[in-house]
Amino acid sequence: MINCTSLSRKRTFFPPLLAVSLLALLTLSGCKDQEPSGTTYIYGKIINPKADYVILTDYEELRDTVHLDRKGNFARSYEQLASGLYSISYPGEYQSFYIETGDSLGMRANTKAFDETLAFTGSHNKENDYLIKLFGQIEKSNMRLLKYKNAQPAAFLDAVDEIKEKRLKQLKKASDKYDFSKRFIDYSKQVIQLNSYYELERYPLISDSNPYKTKAKFPDGFFNHRKEIDVNQPKLLNNYAYRPFVNAMVSNMALKKMSAQEVRKIDLKSYDYNKHRLQIIDSIFKNDQLQNYFAGIEIRNFIRGRKNAEDINKLVTDFLEVSSNEGLNENIAQLAATYANLDPGNTIPNFFLRNIDNETVALRKQISKLSVLFFWSIDDKNYAYGIHDQVADLQRKYPDIEFIGINIDNLDYDQWQDAIAMNDLKNTREFQIVSKSLLDRQLALRNSNRSLVVDSDLTIIDPNINLFHYKIETTLLGYINR
C-alpha cells in the first residue's frame with residue numbers, strides 16, 4: 001500500500017566450450033524422468049560485448065558478477081537457488097528471466113539490440129520466450145495508447161482495460177499450450193497488471209492539457225492500485241514493468257501537487273517539480289534499498305538534463321537528506337561537480353582527439369568559431385545515422401557554426417575509418433576520442449547521445465543541447481546573434 005501523508009528492460013542456443021560438468025548435466029536434463037537436483041545452472045553468450053561481465057541478481061539474496069570469457073561466454077551454478085523471476089544486467093541493459101530450482105537455462109544476446117535478440121534455451125525456455133514476447137508487445141502498446149492521450153479519463157481507462165484483458169487471454173492460451181506453472185502464471189499476471197497501472201499513471205503526463213488543471217473527472221478507482229500494491233519489495237525490480245510504473249506514479253503525484261499551486265505552466269525539468277518527485281520517493285519507500293535506488297535515478301537524470309549549476313546543487317542537497325547510501329552519495333556529488341564545471345561560461349576541458357590523418361590533436365586547435373560538438377557511437381546506429389543527417393542539414397543552413405562529430409568507440413584507426421565509410425558518415429568534420437575513460441570523467445558522458453555548444457575559446461555556451469528539438473533553429477540563431 002502506498003502512503004503519501006508524510007514527505008521528508010528468444011530462441012535456441014548452446015554456448016561452446018563450457019565446462020565438462022555442465023555439458024554432462026545438460027545431457028542428463030534431456031531425460032524427462034530425471035529428477036531435478038538442487039543445483040541450478042545459468043549459462044550464455046554475449047555477442048559484441050562492450051564489457052567483460054554480466055550481473056545476475058534477484059535484488060535480495062543474489063547479486064553475482066559473472067565474467068565473460070574471450071568469446072563472450074559465461075556460466076554459473078548455484079545450490080538451492082529459489083524459483084522465481086531474476087534479472088540479467090549488462091552495462092546499459094537489463095532484462096527479466098524466469099528460472100526454477102534445478103533448472104539449466106541458457107541465454108544469448110547481441111549488445112547492438114539486447115532486448116530484441118535475447119534468446120533462451122534449456123529449462124523453461126517457453127516461459128522466457130513468452131516473457132520476451134510480452135515485453136515487445138508492451139513496448140508497442142505503450143506507443144499505440146498515445147492516440148488516446150487527449151481522451152477523457154474514462155475512455156483512456158477503457159482502452160487500458162481492453163489491452164489488459166487481451167493479454168490475460170493470451171496468457172491463458174499460452175499456459176494451456178505449454179503447461180505453465182501456477183507460479184509463473186502469477187508472475188506474468190503481475191507484469192500485465194503493473195503495465196496497466198503504468199499506463200494509468202502516465203495519462204495525466206502525456207495529455208496535451210493538464211487534467212488536474214482542467215478539473216477532468218477521473219472514474220472511481222482510476223488510481224486504486226496505489227492502495228493494493230506494496231511497492232516496498234526489492235524483488236519487484238526483477239519485474240520489467242515495475243520500474244516504469246514507479247517512475248510514472250512518482251511523476252504523476254508530483255504533477256498533481258504542482259497543479260494545486262498557483263503555477264500557470266508546469267516545467268517538468270524545473271527544480272521545484274523534481275524536488276516534489278524526490279519528496280514523494282522519500283515518502284512512499286520505507287525500504288532503504290528501493291528509496292536509494294529511485295532517488296539515485298531521479299538525481300542523476302536531473303543533473304544530466306539541467307543547464308543550471310545552482311539548481312543542481314540545490315537538488316543534490318535535497319537528495320543527500322534522503323539517501324542513506326554513502327557510496328551513492330559520493331558518486332552523485334562527483335557527478336554534480338563535473339556538471340557544475342560544465343556550466344555555461346566555464347571552459348570545456350581541452351581533451352585530445354584523433355583526426356582523419358591518424359594524428360593526435362588537441363580540441364583547442366580544432367575550434368576557431370562557434371561550434372557544436374556532437375558525440376556518437378556505432379553501437380547506436382539509428383542515432384548515428386540520425387544525428388549525422390540532422391547535422392548535415394543544420395550545417396548547410398548555418399555556416400557560421402562549425403559542427404564537429406566525435407566518435408566515442410574504442411576502435412583502432414582503421415576500424416573507425418571503416419565505420420565512417422560503411423555507414424556514409426562523411427558529411428561533417430570527424431574526430432575520435434583518444435581516451436574514453438578520461439572523457440567520461442571530464443564530460444560525464446552517460447552515452448553517445450549528447451551534444452554541446454562552445455565558443456572559439458572553448459567557453460561553454462550550452463552543455464546539453466538537443467539537436468532534434470523542434471525549436472533547434474531558433475536556438476542556434478540565438479547563439480549566433482548573442
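Observations on the structure shown:
- Using a cutoff of 8 angstrom between alpha carbon atoms and counting only pairs six or more residues apart, the relative contact order for segment 43-108 works out to 36 percent.
- Overall form of segment 214-364 per C-alpha gyration tensor (a/c, 1.5; a/b vs b/c): prolate
- Cβ-placed point charges (K, R +1; D, E -1), dipole of segment 315-447 about Cα centre in debye, nearest 20: 480 debye
- Helix-only arithmetic for the chain: the sum of -39500 (n - 2.57) across DSSP H runs with n ≥ 4, divided by the residue total, places the mean residue ellipticity at 222 nm at -14500 deg cm²/dmol.
- Options [x] 68, 67, 36; [y] 75, 60, 42; [z] 62, 44, 37 - which one matches Cα extents along the principal axes in Å as calculated here: [y]
- Solvent-accessible area, 1.4 Å probe, carbon plus sulfur percent, for the chain: 48 percent
- Computed 3J(HN,Hα) for segment 392-399, one whole-Hz value per residue from the Karplus formula 6.51 cos²θ - 1.76 cosθ + 1.60 where θ = phi - 60°, is 4, 5, 5, 5, 5, 7, 10, x, glycine and proline marked x.
- Largest to smallest accessible area among 388, 276, 67, 469 [probe 1.4 Å]: 67, 469, 276, 388
- Distance violations [Cα-Cα > 25 Å] among 189/213; 149/217; 189/215: 189/213; 189/215
- For segment 142-239, the Cβ-based charge dipole about the Cα centre amounts to some 160 debye (Lys, Arg positive; Asp, Glu negative; other atoms uncharged).
- Qualifying GluC sites (Glu not before Pro) in segment 309-375, DSSP loop, other Cβ atoms within 10 Å at most 12: 359
- Note on residue 117: accessible area is roughly 50 Å² with a 1.4 Å probe, heavy atoms of protein only.
- With a 1.4 Å probe rolled over the protein heavy atoms of all chains, the accessible area of 172, 126 falls in the order 172, 126, largest first.
- What the chain shows is 49 Å² of accessible area per residue, with the surface traced by a 1.4 Å probe over protein heavy atoms.
The values are calculated or read from the model by the stated rules, or taken from the named source; none is laboratory data. Only a predicted model underlies this, so the values are computations on that prediction, with no experimental measurement involved. Cβ: placed from backbone, ideal geometry, glycine included. Neighbour counts: every protein chain shown. Keep in mind that these areas ignore ligands, DNA and RNA; they rest on the heavy atoms of the full protein, side chains included. Shrake-Rupley method; radii C 1.70, N 1.55, O 1.52, S 1.80 Å.
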